[in-house]
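*Asks:* Provided herewith is a single structure, encoded as structure tokens, for subsequent inquiry.
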């Protein structure tokens, strides 16, 4: 970039960082008009894209040659947003017809953004029915950058089973630095001159000692490429200003949080090095609040580091104050923190008096002569490497059980660094005496400390992602109980967030535990009322529970909030479907499809509505569309099965239900349906087996028992059927169907009095239904005997309500007596 | 209803819909009329004001109505694409607003086509003031299965020539048995597990 462009570019980025898109666009347009470089083109396109006008960015980039990877990536992104998948694919990988680039080519071409490029490419492949290639791309993307969640999510959704443990780990520093933006590449390429620049900020610390340290570290780089990262830490961490402790922690946290921000690339002049400038893209953090990426705030290495220059000692390799490490957050890798802190504490301990000082910096290194540094640093380096190695080993094993500890610590230690924390950490450090003995932490440079902290934070995030990944994977494979279990073990500050609770709610929904699901979802609504993802499941839960008021409130709120989300329109459609206004429900579901044609659930719900309005052809088309969008959408397979069942094409129905079951094997409702269909196909033995399986999976499902009873009844096993039905009567005493079936059994057994009793009960329980079937059942009773049964029946059982009720009343008393006798 | 008492108004059909036992299927049929008053207009130019035809008969709006424009009997023909079970017919008539245009004698015929119609019900209205529910049952007290329904207005109040009809709804019974040949379940506990949505 030329000198001419720099201020303008800086101004544009500043505008973008402040979401002032009109300003950014205007300036970018002027810049591009002035300098027709690809850089300026990219900047202008970025402004357009960020202001929400992907089509502008698309047309702009199409109209000019794009050779730089960033332009290509942005153009591909616009293509995908505008549903021009083939074009997007062509840009990224050479297209379907030309010679395709391999993943390695893409990696070399796109460098840092290869992970995003591959993720985008994976998305394109999955949408164009090339799931294998898509899954390859996602895997590669994740291996390049384990911080990305969406490729993992997509892999789970297409039915792959990525291993969270393998995916979410920082395998090497190479990866670590690749994940982070430009500035982090400085970590790797420690030789470049430009990276020396940040070190000039270390005004207090002699440049040569630092460099010497670095060189030492670099020289012993065999196991430990971390040392190269020190330069990164320097710039961020060290500022000439004395920073109060509170902000000090935030500084480091900011630094850590800064990882994903491109603002870091502005890390050029000293001004940019102030940790508090927006160029870092840092959000000030007062407390170690959960949910930040920067759990390192607890690592008060920074403040100590920062204060080092202020104290003026030339050899300020300040040691991280363990005190702060007491306030561990979840993210802080247990192994890491424990192993790091002891090292650090050792130093504090060594410089005894200093530990008792305020949790400001303690710089034991002040005592050590400067020229001893290089030696120490090399030793430090070795010890450090060993500790980091230990860390990495211990990481996976140790972390999960430590989460609760972390949580409590961070809770109690909220608010920053205080004296007690030091005590805490000191205690902890005593545990790892072995490491302490190794560590000559006195030479632990701030760079390395800070970098360790960064790494620790990243490891912490990885651990969290592993757990969440396991939970999500279990949910996508419909191991709902497992998923609930895993996700419930997340620390409470993560558990009580919209995403996690929605997944748990969905898990309960898939288990047909609608009450639980409703409880969870209402909690989501309470804490995150701006969340729409997952609300369609909530609306269906309310539909099942027939809570029309709650459903109508939900749908109104969602449609008011976001008219462009398919979830809102699905909720609205469910609301009207519950009110039996099927035409309006159909309208809303169609609107949901219009808003997002790639949203499978809208098609499924529309299909169900068409089934309810008996338009089975349209329903078939809808379900097929849903499957086209998402082949693993088992609800749509179920819908198809239902239609075929209605049309009495039982083998087709069975096939489709079985497909649904293959996707979701723990659904008792599906098993129940399969059982009934098998019975219809005269495979009664199999039907009973299936129903037994269903009851084992979910003993709370009354319909399984009911259908088992009906199959037994059809097979003339009246006694067992009766037994089943009696049990069912206890579970659901108000269900008219149960009495209806009992009545039929008694009728077959010839006990007409009991049959009549049960039929009348059934009718009582279903007043508005005026179920013809029940009436028929009673009618038929008389048919063989009487030629004119109907009129008689009509008189007795028919329109005269008072008669009927009085008769049933009279019967009731007799019935109860009879029942006690009979049973 | 041959008594001199006025025909009492029936319940709003919406309530009937909410019970879930019936479903309005007029939208699945083709409606035609024997005659209707044209849209207001002057020569070739129409004023784009609503007319008095099928749309007004099916618009869920009790203010708009169909006005016939020919000789009696005035006919409303409802033709389905396939043989449909029909349970109830609901007609809205209001003597106070329509006076001599209010129908007084209505005949309901069903059949396969125009040449095949048979009357299944005839009703007399005396100063109706709301919804009239007409059950369409056959000889065996079951809902009729038919391709076509014809509603014929044979006579109006005060011997009026033309007739107004404000709204007609036709209902079919809902077989909500989602699985198995069983009637509907009544408790939420059963209904929750009945289907996957």
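The values are calculated or read from the model by the stated rules, or taken from the named source; none is laboratory data. All of these numbers come straight from a predicted model, not from anything done at the bench. No Cβ is skipped: glycine too gets one built from the backbone with ideal geometry, and neighbour counts run over all protein chains shown.
*Asks:* Just give me the residues in the range A:471-489 being more than 14 Å from every other protein chain (Cβ to nearest Cβ), surrounded by fewer than 21 Cβ atoms within 10 Å (Cβ to Cβ) and in contact (Cβ under 8 Å) with a residue 24 or more places away in the chain, in sequence order.
*Replies:* A:476, A:477, A:479, A:481, A:489
*Asks:* Now a separate question. Is there a residue being within 12 Å of chain B (Cβ to nearest Cβ) and more than 23 Å from residue B:28 (Cα to Cα) anywhere in the range A:567-578?
*Replies:* yes
*Asks:* Run down A:20, A:15, A:40, A:57 and say which single residue is under 23 Å from residue A:81 (Cβ atoms) and surrounded by fewer than 18 Cβ atoms within 10 Å (Cβ to Cβ).
*Replies:* A:20
*Asks:* Quick test of your reading of the structure: residue A:631 fulfils all but one of (1) crowded, with 17+ Cβ neighbours inside 10 Å; (2) more than 10 Å from chain B (Cβ to nearest Cβ); (3) in a helix (DSSP H, G or I); (4) under 34 Å from the mean Cα position of the chain (by Cα). Name the failing condition by number.
*Replies:* Residue A:631 satisfies every listed condition except (3).
*Asks:* Turning to a different aspect of this structure: I'd like the full set of residues that are crowded, with 18+ Cβ neighbours inside 10 Å and within 8 Å of chain A (Cβ to nearest Cβ), limited to the range B:10-20.
*Replies:* Selection gives B:17 alone.
Rundown of residues vs (1) in contact (Cβ under 8 Å) with a residue 60 or more places away in the chain; (2) in a strand (DSSP E or B); (3) away from chain A (no Cβ under 14 Å), yes/no style:
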| position | (1), (2), (3) |
| --- | --- |
| B:119 | no, yes, yes |
| B:122 | no, yes, yes |
| B:127 | yes, no, yes |
| B:130 | yes, yes, yes |
| B:146 | yes, yes, yes |
| B:169 | yes, yes, no |
| B:172 | yes, yes, no |
| B:175 | no, no, no |
| B:194 | no, no, no |
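*Asks:* Can you name every residue in the range A:116-153 that is under 17 Å from residue A:628 (Cβ atoms) and either within 18 Å of the chain's Cα centre (by Cα) or outside any loop (DSSP other than H, G, I, E, B) (or both)?
*Replies:* A:123, A:124, A:125, A:126, A:127, A:131, A:134
*Asks:* Another question about this same structure. When you check residue A:695 against the structure, is it under 23 Å from residue A:681 (Cα atoms) and either at pLDDT 90 or above or surrounded by fewer than 19 Cβ atoms within 10 Å (Cβ to Cβ) (or both), yes or no?
*Replies:* yes
Here is a yes/no grid of residues against (1) out of contact with any strand residue (DSSP E or B) (no Cβ under 6 Å at 6 or more places or on another chain); (2) within 28 Å of residue A:477 (Cβ to Cβ); (3) more than 12 Å from every other protein chain (Cβ to nearest Cβ):
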{"residue": "A:581", "(1), (2), (3)": "yes, no, no"}
{"residue": "A:591", "(1), (2), (3)": "yes, no, yes"}
{"residue": "A:595", "(1), (2), (3)": "yes, no, yes"}
{"residue": "A:600", "(1), (2), (3)": "yes, yes, yes"}
{"residue": "A:606", "(1), (2), (3)": "yes, yes, no"}
{"residue": "A:615", "(1), (2), (3)": "yes, no, no"}
{"residue": "A:622", "(1), (2), (3)": "yes, yes, yes"}
{"residue": "A:642", "(1), (2), (3)": "yes, yes, no"}
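*Asks:* Then there is this: Could you check the range A:544-561 and list, in sequence order, the residues that are within 14 Å of chain B (Cβ to nearest Cβ) and buried (at least 22 other Cβ atoms within 10 Å of the Cβ)?
*Replies:* Of everything in the range A:544-561, those that are within 14 Å of chain B (Cβ to nearest Cβ) and buried (at least 22 other Cβ atoms within 10 Å of the Cβ) turn out to be A:544, A:551.
*Asks:* Going by what's in this entry, would residue A:96 be described as under 27 Å from residue A:597 (Cβ atoms) and at pLDDT below 90?
*Replies:* Here the answer is yes, as residue A:96 does meet what is asked.
*Asks:* How many residues does the range A:640-660 hold that are within 29 Å of the chain's Cα centre (by Cα), farther than 17 Å from residue A:625 by Cβ and surrounded by fewer than 24 Cβ atoms within 10 Å (Cβ to Cβ)?
*Replies:* Of the residues in the range A:640-660, 1 are within 29 Å of the chain's Cα centre (by Cα), farther than 17 Å from residue A:625 by Cβ and surrounded by fewer than 24 Cβ atoms within 10 Å (Cβ to Cβ).
*Asks:* A further question follows. Return yes when residue B:51 is farther than 30 Å from residue B:159 by Cα, touching a residue at least 12 places away in the same chain (Cβ under 8 Å) and assigned to a loop (DSSP other than H, G, I, E, B) and no when it is not.
*Replies:* no
*Asks:* Looking at (1) surrounded by fewer than 19 Cβ atoms within 10 Å (Cβ to Cβ); (2) within 14 Å of another protein chain (Cβ to nearest Cβ); (3) closer than 18 Å to residue A:585 by Cα, which is the one condition that is false for residue A:516?
*Replies:* (3)
*Asks:* Evaluate the following for residue A:666: is it more than 10 Å from chain B (Cβ to nearest Cβ), touching a helix residue (DSSP H, G or I) at 6+ places or on another chain (Cβ under 9 Å), outside any helix (DSSP H, G or I) and in contact (Cβ under 8 Å) with a residue 24 or more places away in the chain?
*Replies:* Yes.
*Asks:* Which numbered condition trips up residue A:533, out of (1) more than 10 Å from chain B (Cβ to nearest Cβ); (2) touching a helix residue (DSSP H, G or I) at 6+ places or on another chain (Cβ under 6 Å)?
*Replies:* For residue A:533, the exception is condition (2).
*Asks:* OK, next. Do you know which residues across the range B:39-59 are on the phi < 0 side of the Ramachandran plot and exposed (fewer than 12 other Cβ atoms within 10 Å of the Cβ)?
*Replies:* B:42, B:44, B:45, B:47, B:49
*Asks:* So, one more: Among the residues of the range A:54-87, write down those that are within 16 Å of residue A:36 (Cβ to Cβ) and part of a loop (DSSP other than H, G, I, E, B).
*Replies:* Listed by number, the residues that qualify are A:64, A:65, A:66, A:67, A:68.
*Asks:* Among the residues of the range A:701-739, count how many are more than 17 Å from residue A:673 (Cβ to Cβ), within 12 Å of chain B (Cβ to nearest Cβ) and assigned to a loop (DSSP other than H, G, I, E, B).
*Replies:* Counting residues in the range A:701-739 that are more than 17 Å from residue A:673 (Cβ to Cβ), within 12 Å of chain B (Cβ to nearest Cβ) and assigned to a loop (DSSP other than H, G, I, E, B) gives 4.
*Asks:* Whether any residue in the range B:60-74 is within 14 Å of chain A (Cβ to nearest Cβ) and either at positive phi or in contact with a helix residue (DSSP H, G or I) (Cβ under 7 Å, 6 or more places away or on another chain) (or both) is what I want to check.
*Replies:* So far as the range B:60-74 goes, yes, one or more of its residues are within 14 Å of chain A (Cβ to nearest Cβ) and either at positive phi or in contact with a helix residue (DSSP H, G or I) (Cβ under 7 Å, 6 or more places away or on another chain) (or both).
*Asks:* Does residue A:755 fit the bill of being surrounded by 24 or more Cβ atoms within 10 Å (Cβ to Cβ), in a helix (DSSP H, G or I) and either touching a strand residue (DSSP E or B) at 6+ places or on another chain (Cβ under 7 Å) or touching a residue at least 24 places away in the same chain (Cβ under 8 Å) (or both)?
*Replies:* It is false that residue A:755 is surrounded by 24 or more Cβ atoms within 10 Å (Cβ to Cβ), in a helix (DSSP H, G or I) and either touching a strand residue (DSSP E or B) at 6+ places or on another chain (Cβ under 7 Å) or touching a residue at least 24 places away in the same chain (Cβ under 8 Å) (or both).
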